[in-house]
Every structure is written in C-alpha cells, then in structure tokens.
C-alpha cells in the first residue's frame, strides 16, 4: 500500500511538471528609449550596451487633446523625429546593426497629462471614429514591425476603460494585427488592472506597467520591499499559471527620491529649472530595483522587462541632481548593469 501511494505521488508530480510551459530562461533586459528630436547615432548606442541591455522599447507616441477627443494625432511632421515612422525606422536599423532586439510600443499621450486609462468617448459615433484612428495607428506600426523583423509588438498602453467598454474592437484589432505581423504581441496594462483585463488569451505575453506600491515608508529596507511585493507577485504568478503565458514588465522603475516605492507611478513635481530637489534618495532607487531583479528575474514564468526610462544623450542624462525615473549617471545605473549581465535574450 505504501509503495502504491509513493508511486502515485511520484506519477502525479511528473504529470504536473510535464504540464508546465517550456519557457525560455533568458530574459528581456530592456530599456525604454525616449524618442529624440534628431537622428539616433552610434555614440548613443554604446551606453545601452554598457549596461548589458539586450532589448530596447521604441515608443512612437500619438496624441489626444483630451479624454473625450476621438481625433488621434500621429506620424505628424510637427512631432519629434524619433516619434515618426522615418525616425523609428532609422532607429530600428541602427539598433539591429548593434545586435539589440526591439519592442515596438506605440502609445498615447493626452495633453495635460490626463490618464489614458480614463479615456471615454461621449457618443457611439465618436467611439467609432476613435477606433478607426487607433486601428490605423496600430497597423501602421505593426506593418513596420513586420517589415523590419521586430520580435515583439505592444498593441496599447494603460487603456483599461477603452478595453473594457469596447472588447469587440480589441478582439478585431488583435486579429487584424495578426494578419500583418508574425512576431509576439503583448499589451501594457496598468498595475492595478492587469488581473481584470480579459484578453490575455489572445496575446503572447501578459504585459504590465509594474508601478506597484510596495512600501509606505520614506526609506524602506530590503526586507520591507520584499514583503511589499509578496501579494503582487502572487497575483502575477497566478495570472501566468491561469493563461499559461509569461508575465513581462512592459515598464518598471523608480525615481531616486524618498517614498519612491509608495506611489511609484508619480512623476516629479513641477519646479524651477534651477531649483535643486530636496528629497533625493539614490540608495532607495538602487535598492528597489535590486529587489525587483532578485524577486522576478530568476522566475521562469517571468519574461523580463523594460526599465523606464533611458535618454539617448547619456552624458547629459540623469545625474545626482536629477529626480526623474532614469537611472543614468546614478547609483541605480550600476545595479542595472550588474543584473542585466546575468541574463541575455535568446535569438
């Protein structure tokens, strides 16, 4: 009887293991590259490689006047060079020449910084007009991604209200993207809605902009940060198991300030150009990133992520008096470099 029990236990364990997806062990060690006013040059690529990044997110923005405006502005001559098709294409070629992978991630910016997740048209006619504009925008870059053999394409960023109210459109759009693009597809949902998005089964990765609140403290310890991640990590792992897809951090990062892990999505406060921030905390930014690498980069259900954010002119970016998300020329840069060295993306 004992032998039969042990045999059954061993058999069940083997069956359970065989059901686990065969995920690649190596990760997307990504950086979110801010579009530039002028063309990208080789001198801008070396700092990316120096921190051992293997993938770069390119983000050609489109613009809306407000949360109810159906007219989407994109690929316009008044936009920065790096936000238009020609600039994106040149950036792709230069990055590929330097053996860097790319995630193409077209996303919306609403004037005055209104949150895209609250987008809501005022009528059915405006919804349809907006959907036609958005589909044209996404297919423009999906076709470019296919032409340039991009491996990963993101079909939207933090658009929960849009996805919830118009699911039929999203299913149709995903099908249209699949017709013109043969690579992997994801969507970047905000951290607080990632478990409510209902179309993960149609995509290849569960994408989340990972600005999860993990500590209320001004300067939390490593143990406090680990504890703060537990419930979020459990939820993400459950999602991965449910859909049998890897989770990818389509964005992640912290500012180098006190309380950086309390509400990580918050950008810097408005101040004069010559005003020095008073709440700088490079150690917290570095430590919080290290905890993310320790907690996630070793998990097989996790595909990696794209650090928010990286500027092309590295010598002038970031620095000790800068309180923005970039790790450039701060202690956090070395943390990124050391951890990205441990992993690389399979071809």
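The values are calculated or read from the model by the stated rules, or taken from the named source; none is laboratory data. Since the model is a prediction, treat every value here as computed from it, not as a measurement. Glycine gets a Cβ as well: all are built from the backbone with ideal geometry, and neighbour counts include every protein chain shown.
Of note:
- Among the residues making up region 104-124, those that are outside any strand (DSSP E or B) and within 19 Å of residue 83 (Cβ to Cβ) are 105, 106, 111, 112, 113, 116.
- Residue pairs meeting the criteria (Cβ under 7 Å; at least 6 apart or on separate chains; first at positive phi, in region 49-69; second outside any loop (DSSP other than H, G, I, E, B)): 52/29; 52/337; 52/340
- Residue match in region 276-293 (condition: in contact (Cβ under 8 Å) with a residue 12 or more places away in the chain, in a loop (DSSP other than H, G, I, E, B) and in contact with a helix residue (DSSP H, G or I) (Cβ under 7 Å, 6 or more places away or on another chain)): no
- Breaking point among (1) in a loop (DSSP other than H, G, I, E, B); (2) surrounded by fewer than 16 Cβ atoms within 10 Å (Cβ to Cβ); (3) in contact (Cβ under 8 Å) with a residue 24 or more places away in the chain, for residue 255: (2)
- Remark: pairs (first residue in region 13-35, more than 30 Å from residue 313 (Cβ to Cβ); second residue surrounded by 15 or more Cβ atoms within 10 Å (Cβ to Cβ) and at pLDDT below 95; Cβ separation under 6 Å; 6+ apart in sequence or on different chains) are absent.
- Test result for residue 261, in a strand (DSSP E or B) and in contact (Cβ under 8 Å) with a residue 24 or more places away in the chain: no
- Some residue of region 34-57 being surrounded by fewer than 12 Cβ atoms within 10 Å (Cβ to Cβ), assigned to a loop (DSSP other than H, G, I, E, B), at pLDDT 95 or above and touching a helix residue (DSSP H, G or I) at 6+ places or on another chain (Cβ under 7 Å): no
- Within region 310-325, the set of residues being more than 14 Å from residue 44 (Cβ to Cβ) and out of contact with any helix residue (DSSP H, G or I) (no Cβ under 8 Å at 6 or more places or on another chain) comprises 319, 321, 322, 323, 324, 325.
- Subset of region 329-346 (residues that are assigned to a loop (DSSP other than H, G, I, E, B) and over 18 Å from the mean Cα position of the chain (by Cα)): 329, 330, 341, 342, 346
- Annotation for region 152-163: no member residue is surrounded by fewer than 15 Cβ atoms within 10 Å (Cβ to Cβ) and modelled with pLDDT of 95 or more.
- Test for residue 72: is it in contact (Cβ under 8 Å) with a residue 60 or more places away in the chain, surrounded by fewer than 20 Cβ atoms within 10 Å (Cβ to Cβ) and in contact with a strand residue (DSSP E or B) (Cβ under 8 Å, 6 or more places away or on another chain): yes
- Against the numbered list (1) crowded, with 16+ Cβ neighbours inside 10 Å; (2) under 20 Å from residue 63 (Cα atoms); (3) touching a helix residue (DSSP H, G or I) at 6+ places or on another chain (Cβ under 9 Å); (4) without any contact (Cβ under 8 Å) to a residue 60 or more places away in the chain, residue 92 comes up short only at (2).
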